[in-house]
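Just below is one structure, and these are the notes that go with it.
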Amino acid sequence: MIAYDTRLGKVEISEEYLAKLIGHEVTSCFGVVGMVPTKGKQKIYNRFSKSDLADKGIKVTANGEGLSVEIHIIVTYGININAIAVSITEKVKHIVMDNTGLDVKKVTVKIDGIKE
């Protein structure tokens, strides 16, 4: 849980919520074919299920200065990888700030595959 205090009380946001929020935004980016599961339970679920998880391939951690997000994706062949990474980074920072008010300090985009 990520918690912070406001003048009205304490706000708690789960990492799973943030991962799903970010996952929906990342999969809508141009050039992103899909997400790659990173956690053990995601890999197991992915083997037995045909449905796609929104939080697949996303790891959100909170530290003293803000949020850190790690994203594992598969991209389309021939697309500028740097442009995709910059686009994803800006979208993630924007969507998290708009929906939660939390500041994202670091976004790491890892390209785990290229698909034609």
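Among the residues in the range 69-79, are any over 14 Å from G23 (Cα atoms), in contact with a helix residue (DSSP H, G or I) (Cβ under 8 Å, 6 or more places away or on another chain) and touching a residue at least 60 places away in the same chain (Cβ under 8 Å)? Reasoning before the result, please.
Here is the first cut: in the range 69-79, the ones over 14 Å from G23 (Cα atoms) are 75-79.
Imposing the further condition that a residue be in contact with a helix residue (DSSP H, G or I) (Cβ under 8 Å, 6 or more places away or on another chain) reduces the set to 75.
Pick out the ones that are also touching a residue at least 60 places away in the same chain (Cβ under 8 Å) and you get none.
Taking every residue of the range 69-79 in turn, none turns out to be over 14 Å from G23 (Cα atoms), in contact with a helix residue (DSSP H, G or I) (Cβ under 8 Å, 6 or more places away or on another chain) and touching a residue at least 60 places away in the same chain (Cβ under 8 Å).
Determine whether I58 is modelled with pLDDT of 95 or more and either touching a helix residue (DSSP H, G or I) at 6+ places or on another chain (Cβ under 8 Å) or under 27 Å from Y4 (Cα atoms) (or both).
Values: modelled with pLDDT of 95 or more: no; either touching a helix residue (DSSP H, G or I) at 6+ places or on another chain (Cβ under 8 Å) or under 27 Å from Y4 (Cα atoms) (or both): yes.
It is false that I58 is modelled with pLDDT of 95 or more and either touching a helix residue (DSSP H, G or I) at 6+ places or on another chain (Cβ under 8 Å) or under 27 Å from Y4 (Cα atoms) (or both).
Sort through D52, D5 and tell me the only one that's at pLDDT below 90, in a strand (DSSP E or B), farther than 16 Å from K110 by Cβ and in contact with a strand residue (DSSP E or B) (Cβ under 9 Å, 6 or more places away or on another chain). Outline the logic, then answer.
Numbers: D52 fails: in a strand (DSSP E or B).
Matching residue, one of D52, D5: D5.
Could you tell me which residue of the range 19-49 is modelled with the highest pLDDT, considering only residues that are more than 24 Å from N99 (Cβ to Cβ) and part of a helix (DSSP H, G or I)?
For the range 19-49, the residue satisfying everything is G40.
Does T76 count as in contact with a Leu (Cβ under 8 Å, 6 or more places away or on another chain), among the hydroxyl-bearing types (S, T, Y), surrounded by 11 or more Cβ atoms within 10 Å (Cβ to Cβ) and modelled with pLDDT of 80 or more? Talk me through it step by step, then tell me what you get.
Working: in contact with a Leu (Cβ under 8 Å, 6 or more places away or on another chain): no; among the hydroxyl-bearing types (S, T, Y): yes; surrounded by 11 or more Cβ atoms within 10 Å (Cβ to Cβ): yes; modelled with pLDDT of 80 or more: yes.
Here the answer is no, as T76 does not meet what is asked.
So which residues in the range 80-104 are touching a residue at least 60 places away in the same chain (Cβ under 8 Å), more than 15 Å from S28 (Cβ to Cβ) and of a type in the set (K, R), if there are any at all?
none
Condition first: farther than 28 Å from Y4 by Cα and touching a helix residue (DSSP H, G or I) at 6+ places or on another chain (Cβ under 8 Å). Now tell me which residues in the range 84-116 satisfy that.
Result: I111, single match.
Kindly indicate whether any position in the range 81-94 is assigned to a strand (DSSP E or B) and either in contact with a Leu (Cβ under 6 Å, 6 or more places away or on another chain) or modelled with pLDDT of 95 or more (or both).
Residues of the range 81-94 assigned to a strand (DSSP E or B): none.
No, that holds for no residue.
So, K59, is that one under 19 Å from V36 (Cβ atoms), among the basic types (K, R) and outside any loop (DSSP other than H, G, I, E, B) or not? Before the answer, list the steps.
Values: under 19 Å from V36 (Cβ atoms): yes; among the basic types (K, R): yes; outside any loop (DSSP other than H, G, I, E, B): yes.
Taking the combined requirement at face value, the residue satisfies it.
The values are calculated or read from the model by the stated rules, or taken from the named source; none is laboratory data. Computed from a predicted model, the values in this text were never measured in an experiment. Backbone-built Cβ (ideal geometry, glycine too); neighbour counts: all protein chains shown.
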